[in-house]
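So the structure is just underneath, and the comments pick up after that.
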Amino acid sequence: MPSLFAFLLGLATLLLPSPGPAAARRKDEKSKSVPRVATSPDMGRYLLLGVNAGVAGRPGTNGALLSDEKWAAVGFEASAVRLPGANYWWFGGYMDFIQVLPNRASRLSIGPELGFGFLGVDVGLLGEYSGLTGKFNGGLQGRIMLTTGVAAVYLGAPCLYDSEVRALRAQVQAGMVFKVPIFMGE
């Protein structure tokens, strides 16, 4: 009787599907069907499209982050990021368009981004067109962010050249970005 049990157990082991090759096939099929919305952090290239909502204003005094002069800021962001390996480093580039509502300023920023795990930074060229004054100003923007890839919280410092006073005008911007990660392949 024990030999019959061993025989049936061996036969069942051979006939039942093995999860190893099936899982490998699913992974191969998954990597071939790109682009696709990412559901796990696979190594490779990603396109992230999202919406941005936050607050912008002048830096505060006496340790305050923002002064009493604050404005709502909404916009869109696109990032192209590469996860090169399982070491948690990521790098890429971003472009965002922000509309600062009360003063009708439209901002476009583009530049590189780099991160390790949940922490990231980006630095970019910044252009702003003011609907109130009709003037265009250029400058730089730097941001530090905590991100999961799908959502990010950031604190930024846009600095624009003000042609009237011939100096950089610093601002502060804080907000959240919600993104859809699209896996583009390895």
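The values are calculated or read from the model by the stated rules, or taken from the named source; none is laboratory data. Given the structure is predicted, the values throughout are model-derived calculations rather than measurements. Neighbour counts are summed over all protein chains in view; Cβ atoms, including those assigned to glycine, are modelled from backbone coordinates with ideal geometry.
When restricted to residues that are surrounded by 17 or more Cβ atoms within 10 Å (Cβ to Cβ) and hydroxyl-bearing (Ser, Thr, Tyr), region 80-110 contains 2. A count restricted to region 80-110 and to residues that are of a type in the set (S, T, N, Q), assigned to a strand (DSSP E or B) and farther than 20 Å from Ala56 by Cβ stands at 0. When region 155-168 is examined, which residues are found to be in contact with a Gly (Cβ under 8 Å, 6 or more places away or on another chain) and without any contact (Cβ under 8 Å) to a residue 40 or more places away in the chain? Answer for region 155-168, where residues must be in contact with a Gly (Cβ under 8 Å, 6 or more places away or on another chain) and without any contact (Cβ under 8 Å) to a residue 40 or more places away in the chain: Gly156, Ala157, Cys159, Leu160, Tyr161, Leu168. Within region 132-142, the set of residues being in a strand (DSSP E or B) and surrounded by fewer than 17 Cβ atoms within 10 Å (Cβ to Cβ) comprises Phe136, Gly138, Leu140, Gly142. Within region 142-172, the set of residues being in contact with a Lys or Arg (Cβ under 8 Å, 6 or more places away or on another chain) and among the polar types (S, T, N, Q) comprises Ser163, Gln171.
In the set Gly120, Gly142, Gly138, only one residue is in the same structural domain as Leu48 (by TED's automatic domain parsing), more than 18 Å from Ala56 (Cβ to Cβ) and small (Gly, Ala, Ser); that residue is Gly120.
Among the residues making up region 143-156, those that are surrounded by 16 or more Cβ atoms within 10 Å (Cβ to Cβ) and not in a loop (DSSP other than H, G, I, E, B) are Arg143, Met145, Thr147, Ala152, Tyr154, Gly156. Filtered by the rule that a residue be within 10 Å of the chain's Cα centre (by Cα) and more than 16 Å from Gln173 (Cα to Cα), region 132-162 gives Thr147, Thr148, Gly149, Val150, Ala151.
When each of Glu69, Glu113 is tested for being assigned by TED's automatic domain parsing to the domain that holds Val177, charged (D, E, K, R), in a strand (DSSP E or B) and surrounded by fewer than 16 Cβ atoms within 10 Å (Cβ to Cβ), the lone residue that passes is Glu69.
Residues that are touching a Cys at 6+ places or on another chain (Cβ under 9 Å), touching a residue at least 24 places away in the same chain (Cβ under 8 Å), surrounded by 13 or more Cβ atoms within 10 Å (Cβ to Cβ) and among the hydrophobic types (A, V, I, L, M, F, W, C) do not occur anywhere in region 171-181.
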